[in-house]
1. Within region 75-84, does at least one residue satisfy the condition of being of a type in the set (A, V, I, L, M, F, W, C), surrounded by 17 or more Cβ atoms within 10 Å (Cβ to Cβ), in contact (Cβ under 8 Å) with a residue 40 or more places away in the chain and closer than 16 Å to residue 173 by Cβ?
2. Quick check on my filter: what residues within region 116-135 are of a type in the set (A, V, I, L, M, F, W, C), open to solvent by 50 Å² or more (accessible area, probe 1.4 Å) and under 10 Å from residue 85 (Cα atoms)?
3. Just give me the residues in region 161-176 being among the hydrophobic types (A, V, I, L, M, F, W, C) and within 18 Å of the chain's Cα centre (by Cα), in sequence order.
4. Is it fair to say residue 121 is farther than 16 Å from residue 62 by Cα, touching a residue at least 60 places away in the same chain (Cβ under 8 Å) and hydrophobic (A, V, I, L, M, F, W, C)?
5. Residues in region 30-41 that are out of contact with any helix residue (DSSP H, G or I) (no Cβ under 6 Å at 6 or more places or on another chain) and under 17 Å from residue 118 (Cα atoms): how many?
6. For region 157-176, what are the residues that are outside any helix (DSSP H, G or I) and open to solvent by 70 Å² or more (accessible area, probe 1.4 Å)?
7. Check residue 133 against each of (1) more than 20 Å from residue 30 (Cβ to Cβ); (2) without any contact (Cβ under 8 Å) to a residue 24 or more places away in the chain and name the one condition it does not meet.
8. Would you call residue 7 over 24 Å from residue 166 (Cα atoms) and modelled with pLDDT under 90?
Amino acid sequence: YTLSLHDALPIWSTLGFSIQAFRNIFTGLPGAAVNDRECRFALAEGAMLAGLALQSGLGAVHALAHPIGLTYQLPHGLVCGILLPEVLAANLAQAPGYLDYLAGSLGIKGSGELIKLIRQLQTNLQLPVKFSPSTLNENDYPAIVAQAKQSRNMQNNPVVLSDEALNKILRKVTATNE
């Protein structure tokens, strides 16, 4: 008999891994970007813990990232990073306060403030925050949404996101030509 990691780790332990992974990554990433050794270690440890935590499932960020990455041949991490704040905001719209515990673990007051800090971190690290219209084409939204909704990752999202909500996320992460 073989026990899978998913069976061996109850949800409460993967939640702990998730929270510690987020704390390590969120606090370590800025220093790791300038080659601080301790921050690089914290980031690596966070990545390992995140790998353990994902055994309990992923959510809408990954459900959307897979078809976008495959369609446009973009790196998965880049796509997830761009999607993350908008998916969190969409989830928060339906489940106010659902990130409060995570925010509190970093000493941040409230879910909305956490999303603001994630966006600020993207800006500080000069990471892309939007796709160009030529990269993420609005004509492809229906296929991306359909594929995302079929993904088992979407089943793990904390709230059910409608087609309209998913399309809104895609519009928000696509730069306009204004």
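1. Start the filter on region 75-84 by keeping residues that are of a type in the set (A, V, I, L, M, F, W, C), which leaves 78-80, 82-84.
Narrowing the set further to residues that are surrounded by 17 or more Cβ atoms within 10 Å (Cβ to Cβ) leaves 79-80, 82-84.
From the residues that got through so far, the ones that are in contact (Cβ under 8 Å) with a residue 40 or more places away in the chain too are 82-83.
Then keep just the ones that are closer than 16 Å to residue 173 by Cβ; that gives 82-83.
Yes, there is a match, as at least one residue in region 75-84 is of a type in the set (A, V, I, L, M, F, W, C), surrounded by 17 or more Cβ atoms within 10 Å (Cβ to Cβ), in contact (Cβ under 8 Å) with a residue 40 or more places away in the chain and closer than 16 Å to residue 173 by Cβ.
2. 117, 129
3. Once the filter is applied, which keeps residues that are among the hydrophobic types (A, V, I, L, M, F, W, C) and within 18 Å of the chain's Cα centre (by Cα), region 161-176 yields 161, 165, 166, 169, 170, 173.
4. yes
5. 2
6. 158, 160, 176
7. (2) is the only condition that residue 133 fails.
8. Here the answer is yes, as residue 7 does meet what is asked.
The values are calculated or read from the model by the stated rules, or taken from the named source; none is laboratory data. Not measured: the values here are computed from a predicted model. Because the Cβ atoms are built from the backbone with ideal geometry, glycine has one as well, and the counts that use them run over all protein chains shown. Surface areas here come from the heavy atoms of the whole protein model, side chains and all, with no ligands, DNA or RNA. Shrake-Rupley method; radii C 1.70, N 1.55, O 1.52, S 1.80 Å.
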